[in-house]
Amino acid sequence: MPAGGLNFDPMIWFNRFFRHGAAARLRVHLLAAWKLMRHPQTPRAAKWVAFAVIAYAVSPIDLIPDFIPVLGLLDDLLLLPLGVALVIRLTPAALWQACLLEAEASAERLPRLWWGALLVLAVWLILFALFLAWLLKLLAAA
């Protein structure tokens, strides 16, 4: 046992958090969120959150690019499950279970939605414009 009494095995941690089954389950949950978003009895807040989660999931552009060593992968590992958890929390249990069962039974895939890519691109452009404005202000003051 290592000093301090902590037994940390990186392979156990890796296997626990990155199982193949977890990724497949996330796909089912995203498909259920897609069905939930189109369902007429879904509360408005749940529809908006589901819309944002699905837009991020199917967008070909990440909020934080994957080539950034740790943060690029952590955003996908944290944002999508947290977004799905929020959708589940905002949805009545019976409605979520119905959409989840329908998603598990279907062989559908999420469509490619280019508006999701445009949304992420717009966020990046706004951040870049704010950075340029800050930089110009800083240079003008010097």
Query raised in the report: Across the range 63-95, what is the total count of residues that are open to solvent by 30 Å² or more (accessible area, probe 1.4 Å), at pLDDT below 90 and charged (D, E, K, R)?
Result: 2
Query raised in the report: Which of the residues belonging to the range 103-142 are in contact with a helix residue (DSSP H, G or I) (Cβ under 9 Å, 6 or more places away or on another chain) and either of a type in the set (Lys, Arg) or at pLDDT 85 or above (or both)?
Result: ALA103, GLU104, ARG109, ARG112
Query raised in the report: Within the range 2-53, how many residues turn out to be assigned to a loop (DSSP other than H, G, I, E, B), open to solvent by 30 Å² or more (accessible area, probe 1.4 Å) and either modelled with pLDDT of 80 or more or on the phi > 0 side of the Ramachandran plot (or both)?
Result: 6
Query raised in the report: Within the set of pairs 6 or more residues apart or between chains, which connect a residue that is at negative phi and in contact (Cβ under 8 Å) with a residue 12 or more places away in the chain inside the range 66-89 to a residue that is surrounded by 14 or more Cβ atoms within 10 Å (Cβ to Cβ) and outside any helix (DSSP H, G or I) with Cβ atoms less than 6 Å apart?
Result: ASP75/LEU63; ASP75/ILE64
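The values are calculated or read from the model by the stated rules, or taken from the named source; none is laboratory data. Everything numeric here is computed off the predicted structure, so don't read it as measured data. Neighbour counts are summed over all protein chains in view; Cβ atoms, including those assigned to glycine, are modelled from backbone coordinates with ideal geometry. For accessibility, only protein heavy atoms count, side chains too; no ligands or nucleic acids. Shrake-Rupley method; radii C 1.70, N 1.55, O 1.52, S 1.80 Å.
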